[in-house]
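Contents: one structure, followed by commentary.
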Amino acid sequence: MKVLSIDTSNYVLGIGLLDGETVLGEYISNIKKNHSVRVMPAIQTLMEECNVKPGDLSKIVVAEGPGSYTGVRIGVTIAKTMAWTLKIPLSGVSSLQVAAASAGRYFDGYVSPFFDARRGQIYTGLYKFENQRLEIVKEDQLEMSAEWVKALNDMDSRVLFTSNDFGLHEELIKQELGDKAVFAEITELNPRPAELALLGRDKEAVDLHTFVPNYIRLAEAEANWLKAQETKK
């Protein structure tokens, strides 16, 4: 079973190929360049390098968000189009779950991945590995970073944080949690597309026509438009 994974939900662009229990290849970059012009060439390059043709694919797995609105849309749209064209199943996986799996597989405690959401907010969730299976402790959510860290201080274990946005929230985390806070190494911060493929390999397929990204919150423009429509009523 050959699985193609696609993650464009944040600055990191990740493409992976999984064949059964073997990782055939991964493409990962963490640069501020437009995903829309890079993702298809990245897919093509990796598949050619691994000698995998589109018709060989059994499934596609995509990071469904949260993250960058534009980035999430790009990945989900490409994944849906490829799955529909190739007539193969598609599964979506939380972008935060991928980040947690990439850094915390062998950590004895909770794992809190996060992405900065501006204005003191973060997209985050809480996970824990039990018998090599990633379990959800707290669902993905949008929260003020200060409130989230205070809540974690009441937990009964250390917390591993993983994020490429450490610089914006690291001081707050250290002040609130002290020695309970553990920070992933820089080599663990980029979500691995092979982990994405593994998480979604056996997950139930989505309905291609109704599947949409999980933004958690509306884009500001959409929220303002809805507010304006309510005012007109």
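The values are calculated or read from the model by the stated rules, or taken from the named source; none is laboratory data. For clarity, every value in this text was computed on a predicted model and none was experimentally measured. Here Cβ is always computed from backbone atoms with ideal geometry, including for glycine, and neighbour counts include all displayed protein chains. Quick note on the areas: whole protein, heavy atoms, side chains included, nothing else; ligands and nucleic acids left out. Shrake-Rupley method; radii C 1.70, N 1.55, O 1.52, S 1.80 Å.
Counting residues that are within 26 Å of ILE136 (Cα to Cα), which helices (runs of 4 or more DSSP H) fully inside segment 13-122 reach at least 1?
69-86, 95-104
Right, LEU134: crowded, with 17+ Cβ neighbours inside 10 Å, touching a strand residue (DSSP E or B) at 6+ places or on another chain (Cβ under 9 Å) and part of a strand (DSSP E or B) or not? Don't jump to the end; show me each part of the working.
Numbers: crowded, with 17+ Cβ neighbours inside 10 Å: yes; touching a strand residue (DSSP E or B) at 6+ places or on another chain (Cβ under 9 Å): yes; part of a strand (DSSP E or B): yes.
Against the criterion (crowded, with 17+ Cβ neighbours inside 10 Å, touching a strand residue (DSSP E or B) at 6+ places or on another chain (Cβ under 9 Å) and part of a strand (DSSP E or B)), LEU134 qualifies.
Have a look at THR45, THR70, THR124 and point out the one that is in contact with a Phe, Trp or Tyr (Cβ under 9 Å, 6 or more places away or on another chain), over 21 Å from LYS203 (Cα atoms) and surrounded by fewer than 24 Cβ atoms within 10 Å (Cβ to Cβ). Steps first, answer last, please.
On the way: THR70 fails: in contact with a Phe, Trp or Tyr (Cβ under 9 Å, 6 or more places away or on another chain); THR124 fails: surrounded by fewer than 24 Cβ atoms within 10 Å (Cβ to Cβ).
Within the list THR45, THR70, THR124, the selection yields THR45.
Quick test for you: out of LEU86, LEU57, pick the one residue that is within 19 Å of GLY25 (Cα to Cα) and either touching a strand residue (DSSP E or B) at 6+ places or on another chain (Cβ under 9 Å) or at pLDDT below 95 (or both). Outline the logic, then answer.
On the way: LEU86 fails: within 19 Å of GLY25 (Cα to Cα).
That would be LEU57, the only listed residue that is within 19 Å of GLY25 (Cα to Cα) and either touching a strand residue (DSSP E or B) at 6+ places or on another chain (Cβ under 9 Å) or at pLDDT below 95 (or both).
State all residues of segment 56-98 that are hydroxyl-bearing (Ser, Thr, Tyr), within 21 Å of GLN44 (Cβ to Cβ) and free of Cβ contacts under 8 Å to residues at least 40 places away in the same chain; if no residue qualifies, say none. Can you show your working first?
To start, the set of residues in segment 56-98 that are hydroxyl-bearing (Ser, Thr, Tyr) comprises 58, 68-70, 77, 81, 85, 91, 94-95.
Keeping just the survivors that are within 21 Å of GLN44 (Cβ to Cβ) gives 58, 77, 81, 85.
The answer is THR77, THR81, THR85.
Look at LYS227 and say whether it is modelled with pLDDT of 95 or more, open to solvent by 100 Å² or more (accessible area, probe 1.4 Å) and in a helix (DSSP H, G or I). Explain how you work it out, then say what you get.
Numbers: modelled with pLDDT of 95 or more: no; open to solvent by 100 Å² or more (accessible area, probe 1.4 Å): yes; in a helix (DSSP H, G or I): yes.
Here the answer is no, as LYS227 does not meet what is asked.
Could you grab me the full set of residues in segment 1-42 that are buried (at least 19 other Cβ atoms within 10 Å of the Cβ) and of a type in the set (Lys, Arg)?
Selection gives LYS2 alone.
Name the residues in segment 139-193 that are surrounded by fewer than 16 Cβ atoms within 10 Å (Cβ to Cβ), assigned to a strand (DSSP E or B) and among the aliphatic types (A, V, I, L, M), would you?
Correct list: LEU142, MET144.
Does GLU64 qualify as being under 20 Å from GLU188 (Cα atoms), of a type in the set (D, E, K, R) and crowded, with 18+ Cβ neighbours inside 10 Å? Let's see the steps before the verdict.
On the way: under 20 Å from GLU188 (Cα atoms): no; of a type in the set (D, E, K, R): yes; crowded, with 18+ Cβ neighbours inside 10 Å: yes.
Here the answer is no, as GLU64 does not meet what is asked.
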